[in-house]
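Every number here is computed from the coordinates shown, using simple stated rules; none is lab data. Just so you know, these numbers come straight off a predicted model, no measurement behind them. Virtual Cβ from ideal backbone geometry, glycine too; neighbours counted across all protein chains shown.
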Amino acid sequence: MQKQGSVDFLATGLRAPSLQAFVEHRSVLVKTAARITGCHSRAEDIVQDAYFRLESAPLVSLSFKAQVSYMFRTVRNLAIDHYRKQILERKYSGSEAEGLEVETHESASPEATHIHQETLDMLDGALGELPRRTRYAFEMYRLHGVPQKEIAKELGVSPTLVNFMVRDALLHCRKRVENERLSLEKAS
């Protein structure tokens with residue numbers, strides 16, 4: 001008698017030969033996705049997504065080798081898509097700790113205190129240039145820690161739009177501070 005969770009039981013219970021091949025090659029598929037994404041748990045999610053895509057695909061009579069190749073290509077493509085999305089998100093969003101790294105010490109020099117105050121003034125000016133709704137979303141999320149879903153409900157927009165507003169505000173602030181610092185360096 002086989003256990004309900006064993007691979008053999010699952011493999012024999014599947015409807016399509018390609019899904020049986022999927023179960024048999026699952027561990028290799030996870031390793032393939034993990035090499036691309038760099039994370040085993042994300043690789044598991046990608047393989048699960050590939051499984052559901054293959055399960056909903058129309059049944060096609062392909063050779064076993066072609067079915068296995070198709071599975072690996074699907075997992076590889078999904079892993080690459082996930083990796084690219086991850087890189088894009090990192091590019092346009094800062095870490096949560098980034099905003100908290102401003103240090104103020106009682107023993108800080110007057111020059112350092114002045115530089116920090118100038119930076120805060122630049123940020124205040126940059127935030128003042130933003131549309132009211134974008135500024136509100138940014139301040140509520142980054143300064144007050146309100147989840148984006150709650151901000152979206154309050155503003156009557158989607159959480160995705162709130163995410164884009166926060167990202168755009170952050171990019172605007174970074175660009176404004178960099179430009180003002182460059183102009184100050186050129187002036188001195």
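The table that follows gives values for the structure above.
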{"read-out": "Residue pairs, from the table LYS65/LYS85; LYS91/LYS175; LYS91/LYS153; LYS85/LYS149, whose Cα atoms sit over 23 Å apart", "value": "LYS65/LYS85; LYS91/LYS153"}
{"read-out": "Förster radius 25 Å - calculated FRET efficiency between LEU155 and ASP124 (Cβ-Cβ, nearest 0.05)", "value": "0.70"}
{"read-out": "Pair ARG132, ARG73: separation of 7 Å Cα→Cβ label points (nm)", "value": "5.4"}
{"read-out": "Taking the range 113-177 and dividing mean pair separation by its residue count, relative contact order in percent (alpha carbons under 8 Å, at least six apart)", "value": "41"}
{"read-out": "Nearest-0.05 FRET efficiency for LEU182 and SER109, computed from C-beta distance (R0 25 Å)", "value": "0.60"}
{"read-out": "Karplus-derived HN-Hα couplings along the range 85-90 (A = 6.51, B = -1.76, C = 1.60, θ = phi - 60°), whole Hz, x at Gly and Pro", "value": "4, 4, 5, 5, 5, 5"}
